[in-house]
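J.: One structure coming up, written as structure tokens, with questions to follow.
Read-outs: derived from the displayed coordinates by stated rules, not from any lab. Everything numeric in this text was worked out from a predicted model, so none of it was measured. Glycine gets a Cβ as well: all are built from the backbone with ideal geometry, and neighbour counts include every protein chain shown.
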Amino acid sequence: MTLDEGATHEIISRWPAYKQRNCALDVNSYEGSYCSDMRSGIKLIRDHHSNLEELGDTTWSIPQEMSDFLDTLAGIS
């Protein structure tokens, strides 16, 4: 999977596009810290994408610890 495809998959699989739109329209769309956790998770993925790109990687990879943390932010685990 390319860097862009991988990063997109990481985001969409945890925070569907419609929920992203809802948070953008109204930060209180969901209970608790869903929207702020989503923003934090997306920022982590974007930063990781940039780091991989700077290293010259062309395929997506993510450490298991980061994946687990993103799942926690998304309320999956």
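J.: Just one of [x] 14.5, 53; [y] 12.8, 40; [z] 17.3, 55 is Rg and Dmax of the Cα atoms in Å calculated from these coordinates, so which is it?
T.: So the structure-derived entry is [y].
J.: Rounded to whole Hz and in sequence order, give me ³J(HN,Hα) for segment 44-61 from the Karplus expression 6.51 cos²θ - 1.76 cosθ + 1.60, θ = phi - 60°, writing x for Gly and Pro.
T.: 4, 5, 4, 5, 5, 4, 4, 4, 4, 4, 5, 6, x, 5, 10, 10, 6, 8
J.: Still on this structure, I have one more. Could you tally the net charge around Ser67, taking each other residue with its Cβ under 14 Å from the Cβ of Ser67, Lys/Arg +1 and Asp/Glu -1?
T.: Summing Lys and Arg as +1 and Asp and Glu as -1 gives -3.
J.: Can you give the calculated 222 nm mean residue ellipticity of the chain, where each DSSP H run of n ≥ 4 adds -39,500 (n - 2.57) and the sum is split over every residue, rounded to the nearest 500 deg cm²/dmol?
T.: Counting only the DSSP helices, I get -22000 deg cm²/dmol.
J.: Ranked highest first by the average count of other Cβ atoms within 10 Å around their residues, in what order do 10-23, 61-74 fall?
T.: 10-23, 61-74
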